[in-house]
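J.: Pasting a structure below so you can have a look.
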Amino acid sequence: MDKENIDDRIYDLYDEYCHGHIDRRQFFERAAAVTVTGVAMANALLPEYAEAHEVLFTDERIKATWIEYPSPGGTSGEMYGYLVRPTTGDGPFPAVLVMHENRGLNPYIQDVARRAAVAGFLALAPDGLAPIGGYPGNDDDGRAMQRSLDHAKLLQDMVNSARYVRNHELSNGRLGATGFCWGGGATNFLATELGGELDAGAPFYGRAADTDKVGNIEAALLVHYAEDDPRVNAMRDEFEAALQQHGVTHEMHIYPGTRHGFHNYSTPRYNPEAAKLAWERTVAFFHEHLD
């Protein structure tokens with residue numbers, strides 16, 4: 001189904017569903033109540049990860065491996081992630097942490113890590129669900145698994161992942177972080193937590209950093225917002241004011257005609273023009289601050 005034919009109310013219900021405020025059954029029941037074609041519209045919004053590849057794992061420009069590394073203070077003390085390096089040159093490369101949404105390391109986020117490697121970065125995409133079995137192969141179970149975790153320990157796993165890739169033998173010692181939805185919020189959190197250990201952050205439609213901790217930020221930030229994203233955008237003005245107050249180098253971009261999740265090309269919320277522009281800006285921003 002073409003995304004232009006999907007009722008805006010179904011998009012709103014999907015936003016509630018993908019953020020865990022309603023379950024799959026409620027999503028379809030409420031969609032059916034909206035319009036006679038509501039169930040078909042709801043089905044059309046579910047991710048199609050078979051289509052979510054811009055860089056295949058067999059691409060000769062990259063080398064991808066699965067790695068384990070220690071994570072003290074995290075969920076289990078160990079972490080598992082997807083490390084992707086460029087095959088052009090021996091390094092060192094600027095390091096980038098790529099953080100998933102609220103459902104674990106799904107194929108879309110793996111693909112983003114590969115895209116980062118094609119752009120010249122040593123990219124690590126950690127799976128926050130690894131300590132309890134890893135991404136289960138579907139977003140419903142992944143979402144439930146992530147919700148079951150201790151949030152502070154999950155964030156500590158991201159902190160440890162950032163430090164691991166920053167200090168990797170192939171890293172030039174400069175670190176960027178990006179993430180989407182939950183991972184966008186985690187990017188802002190890392191900026192407050194890591195101070196001078198993080199050089200640049202590019203969160204996509206994520207929860208703003210706590211304003212009382214914005215003064216800890218030393219990284220430059222490139223913040224991406226969807227135009228139609230009330231929950232996240234409600235935090236934007238206060239966040240921007242705090243960044244300005246503390247003299248944090250930052251840019252904020254709002255992409256017209258977009259919804260939350262516009263960079264994720266596995267669902268009809270994907271906006272190819274905005275996604276392309278946001279990613280190009282991110283790559284250029286990271287090269288500016290990490291090379």
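The values are calculated or read from the model by the stated rules, or taken from the named source; none is laboratory data. Keep in mind it's a predicted model, so treat the numbers as computed, not measured. Positions of Cβ are generated from backbone atoms using ideal geometry, with glycine treated the same way; all protein chains shown enter the neighbour counts. Accessible surface areas use protein heavy atoms only, side chains included; no ligands, DNA or RNA. Shrake-Rupley method; radii C 1.70, N 1.55, O 1.52, S 1.80 Å.
J.: Give, in nm to one decimal, the length gained when the segment between Lys276 and Arg236 is fully stretched (0.36 nm per residue of separation minus the Cα-Cα distance).
T.: Values: separation 40, 0.36 × 40 = 14.40 nm, distance 2.24 nm.
My answer for the length gained is 12.2 nm.
J.: For a protection proxy built on the mean count of beta-carbon atoms within 10 angstrom, sort 263-269, 195-201 highest first, please. Could you put the intermediate results ahead of the total?
T.: Details: 263-269: 22.7, 195-201: 20.1.
So the peptides 263-269, 195-201, ranked by packing, come out 263-269, 195-201.
J.: Can you compute the modelled spin-label distance between Arg9 and Asp212, with each label point 7 Å from Cα toward Cβ, in nm?
T.: Rounded to a tenth, the inter-label distance reads 4.2 nm.
J.: With each pseudo-label sitting 7 Å past Cα toward Cβ, what's the Gln26-Ala144 distance in nm, one decimal?
T.: According to this spin-label approximation, the distance is 1.5 nm.
J.: Could you look at the range 158-291 and say what percent of its accessible area is carbon and sulfur, using a 1.4 Å probe and all protein chains?
T.: Working: 2320 of 5170 Å².
Carbon and sulfur: 45 percent of the exposed surface of the range 158-291.
J.: How much accessible area per residue does the range 193-291 have, counting only protein heavy atoms and a probe of 1.4 Å, in square angstrom?
T.: Dividing the accessible area of the range 193-291 by its residue count gives 43 Å².
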